[in-house]
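Undergrad: Got a structure for you, questions after.
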Amino acid sequence: MQVSNLIKKKKLSKYKNILGVILARGDSKGIKDKNLLKINNKTLIEIAINNAIKSKRLNKIVFSSDSDKLINEAKKKIKVLFKRPKILAKDNTSTYDVIKHSIKWLKINENWETDIVVILPPTSPFRKAKHIDKVIDLLIKTNSQAAMTITKPSYPPYWMFKKSKKGYQFILPEGINIQRRQDAPLVYQPSGMVYAIKSDFLFKMKGILPQGKTAGLFINREQSINIDQQLDYDLAKLLAKKNYKFK
């Protein structure tokens, strides 16, 4: 059964229109039909939509895809407002350009002005509605321009190197002096679960987050699994099957 894309929820501060955009490109590279993979008998698209609907902060949900197959899957849960143009479904297409398209479409076709846009990739199967709401709350309470979920990397970037004509060289020169993991400065990476951006800042951005004043919500690595390769999917299924208790 479909639900309306417009969800009547309590307004948060001056930000009346908070948009959640679920991104699902049809031509996935790492795994075929990646967004239709199942965790506990639910597709990644269904999981993403369910949690967006349960969010207490999102006022509207948009499903953006160029694939009829993925659109039909989404239609089981919500009304799909449009099919993403092919020009915005290429390998080099920026996520932010896709988000801008959704915002512009709503303004032109529904006279709906977006105050905050929230990016929700279906490939984060352990994202919950509470994570969506916490990132939005963090964005507003810290008066930031953007907020995102972050996690710790599996390997210190200070030990990574690249190959050049002179041989292998540290990407970060100071890495040569760090002998133990615990001596490496604490760093973070995007977890990929939730990104929230004020609309006016989005249209001024150059490049990717973090930039400007960006707040980060820490998520542990297990819960931050982002399904890009078969190994990611196998691990996600294992954790879901064992009903892993995230810390």
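The values are calculated or read from the model by the stated rules, or taken from the named source; none is laboratory data. What you see is a predicted model, and the numbers here were worked out from it, not measured in a lab. Counting neighbours? That spans all protein chains shown, and the Cβs are built from the backbone with ideal geometry, glycine included. These accessible areas exclude ligands, DNA and RNA; they are computed on the full protein's heavy atoms, side chains included. Shrake-Rupley method; radii C 1.70, N 1.55, O 1.52, S 1.80 Å.
Undergrad: What is the Cα radius of gyration of segment 135-236 over 2.2 N^0.38 Å, N being its residue count? Spell out each step's value before the answer.
TA: Values: Rg = 16.8 Å, N = 102, 2.2 N^0.38 = 12.8 Å.
For segment 135-236, the normalised Cα radius of gyration comes out at 1.31.
Undergrad: Let me ask something else about it. Determine the relative contact order of the chain: mean sequence separation of Cα pairs under 8 Å and six or more apart, normalised by residue count, in whole percent.
TA: Working: 433 pairs, mean separation 56.5, N = 247.
Once divided by the residue count of the chain, the mean separation gives 23 percent.
Undergrad: Over segment 112-247, what relative contact order in percent results from Cα pairs under 8 Å that are six or more residues apart?
TA: Reported relative contact order: 37 percent.
Undergrad: By a straight-distance test (C-alpha under 16 Å), which aspartates and glutamates pair with LYS107 as possible cross-link partners, with residues fewer than eight away in the same chain excluded?
TA: Leaving aside aspartates and glutamates fewer than 8 places away in the same chain, those within reach of LYS107 are ASP97, ASP115, ASP200.
Undergrad: At 0.36 nm per residue, minus the direct Cα-Cα distance, what do PHE218 and LYS86 gain on full extension? Give it in nm, one decimal, please. Please list the in-between numbers first.
TA: Working: separation 132, 0.36 × 132 = 47.52 nm, distance 3.45 nm.
Computed gain between PHE218 and LYS86 is 44.1 nm.
Undergrad: Keeping the other protein chains in place, figure out the carbon and sulfur percent of the accessible area of the chain, with a 1.4 Å probe. Before the final figure, lay out the partial values.
TA: Working: 7180 of 13860 Å².
After summing per-atom areas, the C and S share lands at 52 percent.
Undergrad: For segment 16-53, run through the trypsin sites (Lys or Arg not before Pro) and keep only the ones in DSSP coil with at most 16 other Cβ atoms within 10 Å of their Cβ. Kindly include the intermediate steps, with their values, before the conclusion.
TA: Numbers: sites: LYS16, ARG25, LYS29, LYS32, LYS34, LYS38, LYS42; in loops: LYS16, ARG25, LYS29, LYS32.
The qualifying sites are LYS16, LYS29, LYS32.
Undergrad: Something else about it: Return the subset of LYS60/LYS198; LYS54/LYS213; LYS56/LYS76; LYS77/LYS130; LYS86/LYS152 for which the Cα-Cα distance in this structure is over 23 Å, preserving the input order. Provide the component values of the computation, followed by the final result.
TA: On the way: LYS60/LYS198 15 Å; LYS54/LYS213 28 Å; LYS56/LYS76 21 Å; LYS77/LYS130 20 Å; LYS86/LYS152 35 Å.
Where the Cα-Cα span goes over 23 Å, the pairs concerned are LYS54/LYS213; LYS86/LYS152.
Undergrad: Express in nm, to one decimal, how much length is gained between GLU113 and MET205 on full extension, taking 0.36 nm for each residue of separation and deducting their alpha carbon distance. Provide the component values of the computation, followed by the final result.
TA: Numbers: separation 92, 0.36 × 92 = 33.12 nm, distance 1.85 nm.
My answer for the length gained is 31.3 nm.
Undergrad: Counting only heavy atoms of the protein chains, get the accessible area per residue of the chain (1.4 Å probe) and round it to a whole Å² value. Walk me through the intermediate numbers first.
TA: Values: 13860 Å² over 247 residues.
The answer is 56 Å² per residue.
Undergrad: Follow-up. About its Cα centre, how strong a charge dipole does segment 1-148 have in debye, to the nearest 20, once Lys and Arg get +1 and Asp and Glu get -1 at the Cβ? Write out the running numbers ahead of the final one.
TA: Numbers: 33 positive and 13 negative charges, 103 e Å.
That gives segment 1-148 a dipole magnitude of about 500 debye.
Undergrad: Ok, one more. Using a 10 angstrom cutoff on alpha carbons, build the Gaussian network for the chain and name the most mobile of SER154, SER224, SER124.
TA: SER154
Undergrad: Which value, in Å² and to the nearest 10, is the accessible area of THR95 when all protein chains are kept and the probe is 1.4 Å?
TA: 60 Å²
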